[in-house]
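In what follows, a structure is listed as structure tokens, so that the remarks can point back to it.
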Amino acid sequence: MAVFYSNALRCSINGYRSMSMFPKHYAEPIKRKDMEEFNKSELTKFYHIPIKPALNSYSDTVFNDEIKGKMLNYITKNGNKNLARGLLSRTLEIIKRAQTERMHLSPDDKQKVNTNAEKILIDAVENSRPLLQLTSIKRGGVNYQVPVPITKKRSYFLSMKWLLDAAFEKDNKVGLPERLAWEILDAAHGQGRVIKRKDDLHKQCESNRAYAHYRWS
Amino acid sequence: MKMFRKHFGNLSRVSTQLQRNVLQLSTNAEASPVEGTAAASVNEFRTAVANPGEHSALHVAKFYTIPVEQKKQIFTGGGLPKQYEQQIKTFTESCLMVRSPALELLHYIKNADLTKPVVRYVLYGDNGVGKTLTMAHVLHYGAINDFLLVHVPWAPNWMKRPKEASNATQEGMLDLPFDAAAWLVHFKTQNAKLLQQLQLKTSKEYVWSKRESTPAGSTLIELVEHGISRIKYATETTVALISELKQLSTAGQCKVMVAIDGFNAFFHPETRIFSDNKQRVTPDRITLTQPFLDITSYDWTNGVCILSVDKLAMTEGYMDSYMPRYLLGTAGFEHIDPFVPVHVDNYTDKEFHSYINYYLDRHWINKTPKGFEEQLKFMSNKNPYTLMQLVKSL
Amino acid sequence: MRVPGALYAARGRKPQNEKDVPFQEILPLRLKNTVSGKADSGSDVACLQEMGVLFACMKDNEFVEKYCDKEIQKFQNCFKCYMDRKFEAKKTINQGVVQPGNNLNYKQLNKYMRRFPNPL
């Protein structure tokens, strides 16, 4: 606790507030197993630098993937990551099962069916990323929906959120993994609700393009 | 030789990996020239010998395919784990790996003197090491080599989740009519062809009620069909059928292969079935237990008994060890006392490698970064079931 | 027609005596030694033209992104450049290095003025 206060104090002296409890000169931990590949000289510079502790979600398995990890975090509710992990792996399993079966049953165009569930997930997320979004801006007592460009990070967030929303919206009789799997498969093929939602947003942005110069902040 | 094989195995993995990468790249492209390499790598972990009787140490860690009709005949009513069935459906082929416990068992069975009292073989091992699949392999052998199969896919189902329990005619006993009927259907699908061929007859008249009876000299098929159509008498029919089978095989008219998965359920301290006075019933008060205990005793000849003991057949508090003595208890152990234990273990390195190759061939593992196999080996501890779970989402 | 108030002065209220209303210095009568940073944030409207081109293309192709790759690329590059520039600007502001010139941001101004405060 004392460390925290002293750090916070130091941060405020420097004139900025950081969200991290560690000051800026703390180095990021290295998330790699093969430390032998590092140069000795490269490592020497870490000798006297304080290093942040590693997050407990860091993983060095070869099966790790950034988008998968993000998706996992978005599925998580109430910190129950274990459950979320199970749901996501079940989702990927369903996707892979469907695709593998399709591939084995259609011998002529075997090469065309993609059985890599993770790749399909990434495709789906990429396909449903929006380019713009609408923000509400008040001008003369009237709220205008103004199209503004969005950052890359937010577009990824929105696309994953929409996928999950669509999955949650569906009929409650089947489990989440099934629903999510079908949404992802749809989105990966450029159809389905999520893609429609994105297109709707784009259309609305287009019809509101006259307000674009109202953008303020 | 071993070194060479290992080396060659690595080569084949590389080739499969290459093939994988090409595939990933050419998801949209037209056909790529990988068919040749695929055909070459197939022989590495597959064998064309589909008859379990001909399997030898040469085929260890290789996959053989069960023909579709035979699979339908033997495993329609159960016998393969549910998830394995799912895998078969996904891969659109029913493959089993030839493993040493099954080979050991087959070796014993082939060299056994059938005129002597039946030998009981007990499969044991930790959770998910492949006891049921070993049994499936041997069942396939039995079905091909004219054994009448008396196969209970998973005995704990009767003790843990019966469809319906009703009072039997005997005082204090409970009947599971639906489960008994289901088992009769299973018996019929497995043995229909053989029963037609052998034309086995009943030795005495069975009187079910005032009006219904099966006369002496009617075929076993009639007996079974009666049990299926009159569900009320299904259990009694099962008892009759099994005692008939024992007599017939002792007389040398047929060979019988008994295979009971989760045999220790018959000796569990209690079941989940409640009697009329709301008390848990012990397995020996279930009428269905009797015939199967009867057929596993050694007082008949011309047959083999393959039993498996499983931790999962027990309930909580009784699952400390997978050893037969612990799981069967004193009564169970004494019941099958002179028996041949067959230990089923986790994969060996070779089997593991072969399985990974099979998964790669079936496009089930799609991510093949450097060192993935070692990692899977480490994470699964080479346990078949754990490996299956891990690989599911890759 | 508006009538000047002076005409009615005799009948109306007397002008107040200045002595009756003593002067109070509510705010100090000199400039502060700091300026606020509000004016520097400026307008945020960027990439309007690219957005227009993108909209035109999207409308022509019925909102299929595949056909507007070039426009999308341009638009996103523009926005990225804009954000980068903003980020860099903020960084230099936060550093607060004072350099000679007339185009100073608020931090630099504040530094200057702290050095030469208004006399009390």
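A short reminder: the numbers here are calculations on the coordinates, not readings from a lab. Small disclaimer: the values here were computed from a predicted structure and weren't measured. Every residue, glycine among them, receives a Cβ derived from its backbone with ideal geometry; neighbour counts consider all protein chains shown.
Quick notes
- Segment B:SER275..B:SER321, full-extension length gain: 13.6 nm, with 0.36 nm per residue of separation and the alpha-carbon distance subtracted.
- About the Cα centre, charge dipole magnitude for segment B:125-274 (Lys/Arg +1, Asp/Glu -1 at Cβ), debye: 180 debye
- Highest-first packing order for the peptide set B:312-321, B:261-270, C:12-21, C:108-117 is B:261-270, B:312-321, C:108-117, C:12-21, based on the mean count of other beta carbon atoms within 10 Å.
- Alpha carbon centroid spacing (whole Å) that separates segment B:367-385 from segment A:152-173: 32 Å
- Entry note: the protein assembly as shown has Rg to Rh equal to 1.17, where both radii use alpha-carbon atoms and Rh is the Kirkwood radius.
- Ranking of C:ILE93, B:ILE242 by count of other Cβ atoms within 10 Å, fewest first: C:ILE93, B:ILE242
- Contact order relative to length of chain A, as percent, for alpha carbon pairs under 8 angstrom and 6 or more apart: 17 percent
- Principal-axis tilt of helix C:48-60 within chain C, Cα atoms, nearest 10 degrees: 40 degrees
- Counted charge near A:GLY69, where neighbours are those whose Cβ lies closer than 15 Å (Asp, Glu -1; Lys, Arg +1): +3
- For segment C:86-120 versus segment B:187-211, the gap between their alpha-carbon centres in whole angstrom: 102 Å
- Dipole-positive endmost among B:GLN83, B:VAL152, B:THR47 within chain B (Cβ charges, Cα centre): B:THR47
- Segment A:74-153: trypsin sites (Lys or Arg not before Pro) in DSSP loop, at most 14 other beta carbons within 10 Å: A:LYS77
- The distance separating the Cα centre of segment B:115-173 from that of segment B:283-327 comes to 8 Å.
- Net charge of neighbours whose Cβ lies under 11 Å from the Cβ of B:LEU376, counting Lys and Arg as +1 and Asp and Glu as -1: +1
- Farthest positive-ward along chain A dipole, Cα basis, beta-carbon charges - from A:ASN80, A:SER20, A:HIS104: A:SER20
- Given charges at beta-carbon only (K, R positive; D, E negative), |dipole| of segment B:186-278 in Debye: 120 debye
- Nearest-20 debye value, chain B charge dipole, Cβ charges on Lys, Arg, Asp, Glu: 760 debye
- Contact order, relative form, for segment C:44-120: 22 percent (alpha carbon pairs under 8 Å, 6 or more residues apart, mean separation divided by residue count).
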